[in-house]
């Protein structure tokens, strides 16, 4: 059994109100799951310090059979915590073969040109946004992600390109765009787990031992 979560953004102030619900979910689930953290779990882009939120999370996940951390675009300094988390396996992506199904689990930022080809410029804008957020309590990045233009001409295109570029798997499980969904496109079944920073977004994906996949919205 696999449990897949993405975009928790622990460290981002927006996620604070949803973390108690997330922690309760993880505490209630049986430890028989293989936990897959599909990127942007710790938001090092917005918070460089570990605090009680991080410690609680790391304490809870130790109960699972295994933990795999797939690196996302906000995992800037995740390499710095690898040595202190020997129970966690760090990967760029994960490929599962189950019951004639090939499942690729990847954060999804690989088709985001701002996160890949313009990484330095993106980091500058994120730092500038963080400064504005700190001084004026205005999070431009958080606001822009909700706009129609960004949704239609940036995030939607990134998802479509991720699906179009797939040449091995017939199922993709991703995050990054924060758009929770389960749909079939170009013969590929695409799941996005959404995030844990927006109202009504908290969700996760499970895969049973027969390869059956379910996208579950947490109550």
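Bear in mind these aren't lab numbers, they're just calculated from the coordinates by the rules spelled out. Keep in mind the model is a prediction, meaning the values are calculated, not measured. We place every Cβ from the backbone using ideal geometry, glycine too, and count neighbours over all the protein chains shown.
A compact table of results
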{"quantity": "Compactness of segment 109-219, expressed as Rg and Dmax over alpha-carbon positions, Å", "calculated": "15.9, 51"}
{"quantity": "Segment 81-219: relative contact order in percent, alpha carbon pairs under 8 Å with at least 6 residues between", "calculated": "20 percent"}
{"quantity": "Zone of residue 132's modelled label, taken as backbone nitrogen in segment 34-50 under 16 Å from a point 7 Å along Cα→Cβ", "calculated": "46"}
{"quantity": "Cα centroid separation - segment 142-202 against segment 21-61, whole Å", "calculated": "22 Å"}
{"quantity": "Antiparallel DSSP beta bridges within the chain, percent to nearest 5", "calculated": "50 percent"}
{"quantity": "Diffusion coefficient, µm² s⁻¹, Stokes-Einstein with Kirkwood Rh over alpha-carbon pairs of segment 89-173 at 10 °C and 1.306 mPa s", "calculated": "105 µm²/s"}
{"quantity": "Virtual spin-label span in nm between residue 13 and residue 1, 7 Å along Cα→Cβ", "calculated": "3.8 nm"}
{"quantity": "Over segment 172-219, equivalent-ellipsoid semi-axes from the Cα gyration tensor in Å", "calculated": "19, 14, 7"}
{"quantity": "Highest-first arrangement of 61-74, 198-211, 143-156, where packing means the average Cβ count within 10 Å", "calculated": "61-74, 198-211, 143-156"}
{"quantity": "Among 49-55, 168-174, 189-195, the order from most to least packed when residues are scored by Cβ within 10 Å on average", "calculated": "189-195, 168-174, 49-55"}
